[in-house]
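Student: To start, I am sharing the structure in question, which I have written as structure tokens.
Since every read-out is calculated from the coordinates, none of them should be taken as a lab result. Note that this is a predicted model, so its numbers are computed, not measured. Ideal geometry is used to build each Cβ from the backbone, glycine not excepted, and the neighbour counts take in all protein chains shown.
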Amino acid sequence: MPELPEVETIRRQLEPELEGQRIVAARILDERWSRPARAEAVEKALTGRRIEVVERRGKYLLVGLDDGATLLMHLRMTGNIVIADADEEQRLGGERLYPPPDGPAHLRAELVLEDGRLMRFIDARRFGHGAVLGAEELDAHLSARLGVEPLEEELTAAHIGQIAAGRTVPLKSFLLDQKGIAGIGNIYADEALHGAALHPLSPAGSMKPEHWEALREGIISSLELGLLNGGASIDDYRDARGEKGSMQDEFLVHTREGLPCPRCEELIERIVVGGRSTYFCPACQLRLRRRPRRRAAVRGRRA
């Protein structure tokens, strides 16, 4: 599933291409894409609107419209968004780019822009979706699902400690919970924990202040490296130009089972945490232990 660096890469590419464009027509070819809203209602809400801004929250892409509504899109497992000419021969950047991996057969929705180009949502497994939400609906939708943005100043060591306090879930699961820290998925959770030298099975609430800071630094450095490399293309991910990212060539532990750890040279291992493949170094990633609870004072103790 595309994570924050992949979605932000797409956002940055879409922004100059979409902002200021009017949507001449909207076509939803797969009704699952807009459920529970009817495809016709979403098409009507988009047609004729001018695109004011292209933003991101967590793993969501947000296309702000001139009537105050927002087209919210989530790529899920295999979604891709590309800009194409109407004849499908040219894409952002010209001939050097890859075509979308799935082709027109997996086209779920598209917007026809006033300059004649198309914004296409291509998704082989059909898990991606789109919705048009008003301002109040959007705020409620996002606030119920997303926590702090990890590349903004509000992600502090103290904030990590606050949301981790009392939590017994493994650190890997803690990082995947979008209600705590938004945008981190399987790839960057593994990379962040290696950067922080913390074992993925450590209980989240077992961290001390020095671990909060190490984890914050691990999160930021892994996400920034992902952005620098245009995201990771392990399976289906392509950017808005149809190109692969190169972050997969920079992985420290993710998918590197049996290879030496770049920090200590111990062999990297793979386990399953919360149903997700998890890669880590058993030698240099410290496994914290659950803190014992303080015994409650005995009430009514005899003098």
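Student: Starting from the Cα of ARG27, step 7 Å along the direction of its Cβ; do the same at GLU224; then give the gap between the two resulting points in nm.
Tutor: It is 4.4 nm.
Student: With contacts defined as alpha carbon pairs under 8 Å and 6 or more residues apart, what's the relative contact order of the chain in percent?
Tutor: Relative contact order of the chain: 19 percent.
Student: When the Cα centres of the stretch 1-64 and the stretch 208-235 are compared, how far apart do they sit, in Å?
Tutor: 27
Student: Looking only at Cα atoms, what is the convex hull volume of the chain per residue, in Å³?
Tutor: 162
Student: In the stretch 170-233, which trypsin sites (Lys or Arg not before Pro) fall in coil by DSSP and have 15 or fewer other Cβ atoms within 10 Å?
Tutor: Listed in order of number, the matching sites are LYS179.
Student: Add -39500 (n - 2.57) for each DSSP H run of 4 or more in the chain, then divide by its residues: what number comes out at 222 nm, to the nearest 500 deg cm²/dmol?
Tutor: -7500 deg cm²/dmol
Student: For the stretch 157-280, what relative contact order do you get, as a whole percent, if you take Cα pairs closer than 8 Å and at least 6 residues apart?
Tutor: The normalised contact order for the stretch 157-280 reaches 24 percent.
Student: Would you mind classifying the stretch 34-74 by shape? Square roots of the alpha carbon gyration tensor eigenvalues, ordered a ≥ b ≥ c; an a/c under 1.5 is rounded, otherwise it is prolate if a/b is larger than b/c and oblate if not.
Tutor: Oblate is the answer for the stretch 34-74, as a/c is 1.5 or above yet b/c matches or exceeds a/b.
Student: Using DSSP loop states and a limit of at most 14 other Cβ atoms within 10 Å to flag GluC sites (Glu not before Pro), what is the longest stretch of the chain containing no flagged site?
Tutor: Within the chain, the longest run free of exposed GluC sites (Glu not before Pro) spans 155-256.
Student: How much length is gained on full extension from ARG12 to ARG290, taking 0.36 nm per residue of separation minus their Cα-Cα distance?
Tutor: Residue separation times 0.36 nm, minus the Cα-Cα distance, leaves 95.9 nm.
Student: Here's something else I'd like to know. Taking 0.36 nm per intervening residue step and subtracting the Cα-Cα distance, what contour gain separates GLU265 from ALA197 on full extension?
Tutor: Computed gain between GLU265 and ALA197 is 23.1 nm.
Student: Provide the FRET efficiency to the nearest 0.05 for the GLU217-ASP85 pair, computing r from the beta carbons and using R0 = 45 Å.
Tutor: 0.55
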